[in-house]
Each structure stands twice: as structure tokens, then as C-alpha cells.
Amino acid sequence: MYWTEFLTVALIHLLAVASPGPDFAVVVRESVTHGRRAGTWTALGVGSAIFLHVGYSLLGIGLIVSQSIVLFNALKWAAAAYLLYIGFKALRAQPAKPLADDLHKEIGERTARGAFTSGFVTNGLNPKATLFFLSLFTVVINPHTPLAVQAGYGLYLAVATGIWFCLVAMLFSQQRVRAGFARMGHWFDRAMGAVLIAIGVKLAFTEMH
């Protein structure tokens, strides 16, 4: 009965999650810089943050945020500040040591908790995600759809997001890919930092429509 609606939700989500954004940038950066373990935990953090968006969408809190300029701006500036912080931090990256030693050192330094938090905060504070889920649960999904079914959609969205970014982490954490960034790794880190800063600046000037 709800398969058509589910397929619509799945298609919209696929198009949204495949679009490069702060989630993609932070997962790629963690994967290349710290390895597959850190990249995977970051991806799981991004996926887990979806439950946050789904939760307030089901409770109707997202509608309140979208209608309040003060709350929307507070969320927007918090997200922009965080992206600018990790972006400027990446810009300060220094040339790496030989690959084997560097990988061992960095994997040891980056904790699972730190990587997970990085992904969770990046997605959780994204006001565009707030508007995306708000529109999804108010326009695409019929308000009369049972709450249990909507929750099922939310579970799918979280799992699908986590799986997608885990695949991204697997791709960019491959030895050949990382080896390719080994000599110029600090420049890649700085480039990703510039991307995150650009996204943060763009986000800071996002206006509620």
C-alpha cells in the first residue's frame, strides 16, 4: 500500500545523499587522512544523525524551526562555525612523514569516538538537512501515513545513509588511493579544508525560504 510512497522517498534520498556536501567532504577527509576505520566511524556518525532529523520531523519540531527565523539562524550559524573550525584546522595541515609511519601514527591518534562525533555533528547541525527532512515528512510523505510506517521510512533513511558513506569511506581509504595522496597529502587536506570553509561560508548566507 505504501510502496509507491516509499520508492519516492528512496529516490529523493538517493539524489540528495549522492550530492557532494559537508557529509561527503568530512567522510572523504577522515578516510584519506586517518584510514578506513576512522572513515567508517565518521560514516556511521553521519548515518546516526539522520535519526535526529527523523525524530524531530515526526514530532513536528522541524516545522517550528523552519518557521522561526531566530532558531533557524542559530542552527545555521552553529553549523557554519563548526565547518569553518574544521576547515581552518585542515588548512594548517603539515607535510606528512613516510606513508607507513604516518598511517600508523594517525590511525592510532584518531579515536572511533572522535571520528563518529565528527560525522554526527557535521550532519546534525546542517540546517539544509533540517529543511530536507521537513519537506520530506510534510510534502512527500502523506500526513495520514501511520506513524509506524513513517518511522520505518526514517530507519531506512538512516541505514541507507550510513551504508552509502561507508562505501565512500571504503573507496577513499584504499591503500592505492591513500598512497596517491601520500606525497601531496597535506595539500589534499588543505584543499578539503578550503572546501569545508566554502561550504561553511555558503551555509552562513543561506536564507530561509
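Tabulated results
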| read-out | value |
| --- | --- |
| Mean-position separation - Cα centroids, the range 1-26 and the range 130-172, in angstrom | 7 Å |
| FRET E, pair residue 155, residue 92, Förster distance 30 Å, beta-carbon r, rounded to 0.05 | 0.15 |
| Förster radius 22 Å - calculated FRET efficiency between residue 128 and residue 8 (Cβ-Cβ, nearest 0.05) | 0.65 |
| Gain upon complete extension [residue 138, residue 74; 0.36 nm per residue less C-alpha separation] | 20.8 nm |
| Whole-Hz couplings from phi, Karplus 6.51/-1.76/1.60, listed for the range 8-23; x for Gly and Pro | 5, 4, 5, 5, 4, 5, 4, 5, 6, 6, 7, 6, x, x, x, 4 |
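Every read-out reported here was derived from the displayed coordinates using simple, explicitly stated rules and does not represent laboratory data. Predicted, not measured: the structure shown is a model, and the values here were computed from it. Positions of Cβ are backbone-derived with ideal geometry, glycine not excepted, and every protein chain shown enters the neighbour counts.
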